[in-house]
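Computed from the coordinates by the stated procedures, all read-outs in this text should not be read as laboratory data. Quick caveat: nothing in here was measured; it's all calculated off a predicted structure. Don't worry about glycine lacking a Cβ; one is built from the backbone with ideal geometry, like all the others, and counts go over all protein chains shown.
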Amino acid sequence: MSTPLIGVSKSILKIKELINHVANTCLNVLITGETGVGKEVVAQSLYAESPRAANNFVKINCAALPETLLESELYGYEKGAFTGAHKKRPGKFLTAHKGVLFLDEIGDMPLTLQSKMLHVLQSGEFSPLGSDEDFKTDVWVIAATNRNLEESINNKTFREDLFYRLNIIKIDIPPLRKRPEDIPALIEYYFRMYRSEYPNSDGGKPDPETLERLCAYHWPGNVRQLQNCIKKQMVLNSWDKIFEELPQDPSLISEQDTDSPGGEQADTLFHNDVNPERMKIISEFVDLSTSSEKLFEDISLKKIKKLASDKVEKEVITFVLEKVGWNRSRAAKILKVSYKTLLYKMSEFSVSPPVK
Ligand SMILES: Nc1ncnc2c1ncn2[C@@H]1O[C@H](COP(=O)(O)OP(=O)(O)OP(=O)(O)O)[C@@H](O)[C@H]1O
Ligand SMILES: [Mg+2]
C-alpha cells in the first residue's frame, strides 16, 4: 500500500484538492520540490485516485541509469538490437500501458533522450530498439524533479518544448521548513507506523517543548529526515541525542562560531552529517567517538588513503586466494602481480590460509 499524503498545512490541503481534480483527467503532471518533500508520495496519490489505479504504476529514475540503458528501459528492445540483447524485452512505456509512467528525476534525462521522449508524448507512439514496428501507447506521464527546470532550460540542458509538454499541471511541494504545521501530524503518523514495527521500543513521543523545537528546525532533508529521526527515537529514546546529531542551519552559524574551535559548534562540527553511508565509510578509518576538535588530530588524508587501499587490497587478495584454493601462483596470475609481490603482500597484511 502506498503512503498517504499526510499534512494539514494550506499548501498540502491545496495539493490534495489538486490531486482530486487532476486524477480523472490524466493531464501530464510535473511535481517539483526539494529532496524528501514527498514528490513520489504525490505521484502515488495521483495514481491511486485515478481510474488507472487498476493498472500498473511504473517508475523509472532518469538519474540512476546511463543513457543507453535508460533508453532501452524506457522503450524496450528486440532480440539482437545490441550486444547482450539475447531476448526481446518490453520497456516501461509498454508495461505502463493504461497505467502511470512516473519519470523520476526527469531533470537529469540526457538531451538526446529528451527529443525522443517529446516525440513519444506528442504522437503516443514509440518503437523498441531494433524494431521497425510502431507501438501505440496510452500512459499517464507524471514527472518529478528537484532541479529548477527553468534554469536548466536557460543552461540548455533541458528542452523547453518538453518542459511545456510535461508541465501541463504543476505541483510544487514546499519544503517542510515552510509548513511546520505539518510536523505534528507527520510525527503522529510515523510514530504509529514504527510502533507496530518496533513493538518492544520504549521510544517516547516528544513533549510540548521538544515538539516546538522540532517544528522550529529547518529540516534540510525534509520529511525523509523527520521520518528517520522518529525511527531513531524508537531505538535511542533520547530526543537530546537526536538534536545533537541534527545538522545545523548554516545560515545560523555566525562567523564567530565557526572560528572558535573550543565552542559547542566546533565540538559537533564533524559529527553533523546527514549522509549515513559516508559516515559509515569514514568511521572505518577515523574514530568517531573522539570529539570533533580532536577527530583529525592524529590522522592525515595520506594516512587514510593508505589504510583504505590496504584494506581493499587485503580483501581482494583473500577473496582470490580463497577462490583458487590458496594456490598462490594462480592467484598471482589472476591479480597480475609477481609471485614474490603476492607473498610480500600476504605477509604484510597477515593473509594466510585457514588452519585445518
Ligand atoms: N506528506 C507526506 N506524508 C507522509 N509521508 C511523507 C510525506 N512526504 C514525504 N513522506 C515520506 O518521506 C519520504 C520521502 O518522500 P518521497 O520519496 O516521496 O520524496 P521525494 O520528494 O520523492 O524525494 P527525492 O527527491 O529524494 O526522491 C518517504 O518515506 C515518504 O513516505
Ligand atoms: Mg523521489
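In straight Cα distance, which lysines are under 25 Å from residue 336, not counting same-chain residues fewer than 8 positions off?
Straight-distance partners of residue 336: 305, 306, 311, 314, 323, 345.
Would you mind ranking 102, 82 so that the residue whose beta carbon has the fewest other beta carbons within 10 Å leads the list?
82, 102
Using θ = phi - 60° and the Karplus relation 6.51 cos²θ - 1.76 cosθ + 1.60, list the HN-Hα couplings for the stretch 193-209 in order, rounded to whole Hz, with x at every Gly or Pro.
Per residue, the Karplus-derived 3J(HN,Hα) values read 5, 6, 4, 6, 6, 10, x, 8, 6, 10, x, x, 5, x, 7, x, 5 Hz.
To the nearest 20 Debye, how big is the dipole of the chain about its Cα centre, given +1 on the beta carbon of each Lys and Arg and -1 on that of each Asp and Glu?
With only Lys, Arg, Asp and Glu charged at Cβ, the dipole is about 1860 debye.
Karplus couplings for the stretch 210-221 from phi (6.51 cos²θ - 1.76 cosθ + 1.60, θ = phi - 60°), rounded to Hz, Gly and Pro as x?
Result, ordered by residue: 5, 4, 4, 5, 5, 6, 8, 6, 8, 6, x, x Hz.
Of the options 113, 242, 206, report the single residue whose Cα projects farthest towards the positive end of the charge dipole of the chain (beta-carbon charges: Lys, Arg +1; Asp, Glu -1).
Value: 113.
How high is the relative contact order of the chain? Use alpha-carbon pairs under 8 Å, at least six apart in sequence, and give a whole percent.
Answer for the chain is 16 percent.
So which lysines pass the test for residue 231, namely a Cα distance under 25 Å, with those fewer than 8 places away in the same chain ruled out?
Answer for residue 231, where 25 Å is the Cα cut-off: 39, 178, 205, 241, 280, listed by chain and number.
Sort 211, 103 by Cβ crowding within 10 Å, fewest neighbours at the top.
Final ranking by Cβ density, sparse to dense: 211, 103.
So for the pair residue 283, residue 134, with labels modelled 7 Å out along Cα→Cβ, what separation do we get in nm?
It works out to 5.7 nm between the two label points.
Which listed residue (64, 54, 43) has the Cα farthest towards the positive end of the charge dipole for the stretch 18-97, taking +1 on Lys and Arg C-beta and -1 on Asp and Glu C-beta about the Cα centre?
In the stretch 18-97, that residue is 54.
Near the amide H of residue 57, under 5 Å away, which other amide H atoms are found, from residues 5 or more places off or on another chain, if H is placed in the peptide plane?
Sorted by chain and number, the residues that satisfy this are 100.
Label-point separation (nm) for residue 243 and residue 189, each offset 7 Å from Cα along Cα-to-Cβ?
Each label point is offset 7 Å from its Cα along the Cβ direction, giving 2.6 nm.
Taking 0.36 nm per intervening residue step and subtracting the Cα-Cα distance, what contour gain separates residue 67 from residue 322 on full extension?
Working it through step by step, the gained length comes to 88.1 nm.
Nearest 500 deg cm²/dmol is fine: what mean residue ellipticity at 222 nm does the chain get from its DSSP H runs of n ≥ 4 alone, each adding -39,500 (n - 2.57), divided by its residue count?
Taken over the chain, the calculation gives -14000 deg cm²/dmol.
Around residue 184, what is the net charge, scoring Lys/Arg as +1 and Asp/Glu as -1 over all other residues with Cβ under 14 Å from its Cβ?
Neighbourhood net charge equals -2.
Tell me, what HN-Hα J-couplings in whole Hz come from the Karplus equation 6.51 cos²θ - 1.76 cosθ + 1.60 at θ = phi - 60° for each residue of the stretch 128-137, using x for Gly and Pro?
After applying 6.51 cos²θ - 1.76 cosθ + 1.60, I find x, 4, x, 10, 9, 7, 9, 10, 8, 10 Hz.
List the lysines whose alpha-carbon lies under 25 Å from that of residue 136, not counting same-chain residues fewer than 8 positions away?
Answer for residue 136, where 25 Å is the Cα cut-off: 59, 79, 87, 88, 92, 98, 116, listed by chain and number.
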